[in-house]
Every structure is written in structure tokens, then in C-alpha cells.
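Student: Input: one structure, supplied below.
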């Protein structure tokens with residue numbers, strides 16, 4: 001049966017919503033994607049930064065940002081960073097406590113990750129992490 005374009009689109013959207021539009025499923029999928037991510041390094045930091053940014057947008061649009069914007073989720077996420085970057089985040093969190101009166105939020109983490117991404121992927125400033133030296137840099141947590 002051939003449907004009129006408007007009816008076909010409406011039908012397709014209803015099917016997609018029924019299969020994938022459950023907000024609880026979407027929220028849980030984003031939390032899992034961020035917190036169960038593998039260890040981060042220069043090869044996957046860009047994708048992770050994009051995923052984290054998209055996670056915030058999706059959870060905000062569903063009015064569920066609080067599901068991920070808590071210390072446990074942030075801690076689990078930060079544990080994926082190289083050790084040196086974890087220490088830097090600890091300093092950033094302390095700075096937020098001093099200036100904002102509370103722990104850092106997920107938006108602070110996104111800003112931090114974007115900054116780390118720039119450092120880890122800059123071909124000029126990060127010349128020690130190119131070519132044959134990349135293995136040593138990964139071992140050092142860069």
C-alpha cells in the first residue's frame with residue numbers, strides 16, 4: 001500500500017518514536033556511552049569530546065541532565081582520562097569549588113575536555129606525540 005508523502009512520513013516517525021523514542025532508553029544509552037567509554041588518548045579524544053557534547057544536548061532536551069550531572073557520573077567519566085589529565089581535572093574541580101561554591105558540573109567537564117582535546121591533537125604544540133614517539137606518549141598519559 002502506497003501512502004501519501006505526509007502520511008508516510010507521519011507513519012515512519014511514529015514507528016521510530018515507538019522503537020527508539022522512549023526517553024528513559026535514550027538517557028540510559030547516553031550515560032552508558034559516556035561512562036563506559038574506553039580509556040582516552042589522542043586517538044579517541046575528539047570523538048569522546050563530541051559524544052560528551054551531544055550527550056549534554058540530548059539530556060538537556062529531554063530535561064534529564066541531572067541523570068548525568070552528578071559527582072558519581074563525572075568521577076566515572078574522569079577515570080577514563082590519562083592519569084596526568086585526571087590530576088588536572090582535580091585542580092579544575094577545586095577551582096570550581098572556590099569560585100562557584102560547589103563541585104564542577106558536566107558543562108565544566110565538557111569545557112575541560114575540549115581544552116585537553118586541543119592540546120592532545122595540536123600537531124604543532126604536541127610534536128613529541130607524532131610518528132614513532134606516539135607509543136611513548138601514550139605510556140606517559142599524553
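Student: Would you pick out the residues in the range 74-91 that are surrounded by 18 or more Cβ atoms within 10 Å (Cβ to Cβ) and not in a loop (DSSP other than H, G, I, E, B)?
Tutor: Scanning the range 74-91 gives 74, 77, 78, 85, 89.
Student: Can we say residue 60 is assigned to a helix (DSSP H, G or I), within 13 Å of the chain's Cα centre (by Cα) and closer than 15 Å to residue 34 by Cβ?
Tutor: Judged against the criteria, residue 60 is not a match.
Student: Just checking, how many residues over the range 96-110 are loosely packed, with under 13 Cβ neighbours inside 10 Å and touching a helix residue (DSSP H, G or I) at 6+ places or on another chain (Cβ under 9 Å)?
Tutor: Of the residues in that region, 2 qualify.
Student: Hey, can you tell me all the residues within the range 63-73 that are more than 16 Å from residue 26 (Cα to Cα) and either in a loop (DSSP other than H, G, I, E, B) or in contact with a strand residue (DSSP E or B) (Cβ under 6 Å, 6 or more places away or on another chain) (or both)?
Tutor: Of everything in the range 63-73, just one residue is more than 16 Å from residue 26 (Cα to Cα) and either in a loop (DSSP other than H, G, I, E, B) or in contact with a strand residue (DSSP E or B) (Cβ under 6 Å, 6 or more places away or on another chain) (or both), namely 70.
Student: Where the second residue is surrounded by fewer than 20 Cβ atoms within 10 Å (Cβ to Cβ) and assigned to a helix (DSSP H, G or I) and the first is at positive phi and in contact (Cβ under 8 Å) with a residue 12 or more places away in the chain and lies in the range 41-67, which pairs have Cβ atoms under 7 Å and are six or more apart or on separate chains?
Tutor: Pairs found: none.
Quick note: the coordinates plus some simple rules give every number you see, no bench work behind them. No experiment lies behind these values; they were computed from the predicted model shown. Backbone-built Cβ (ideal geometry, glycine too); neighbour counts: all protein chains shown.
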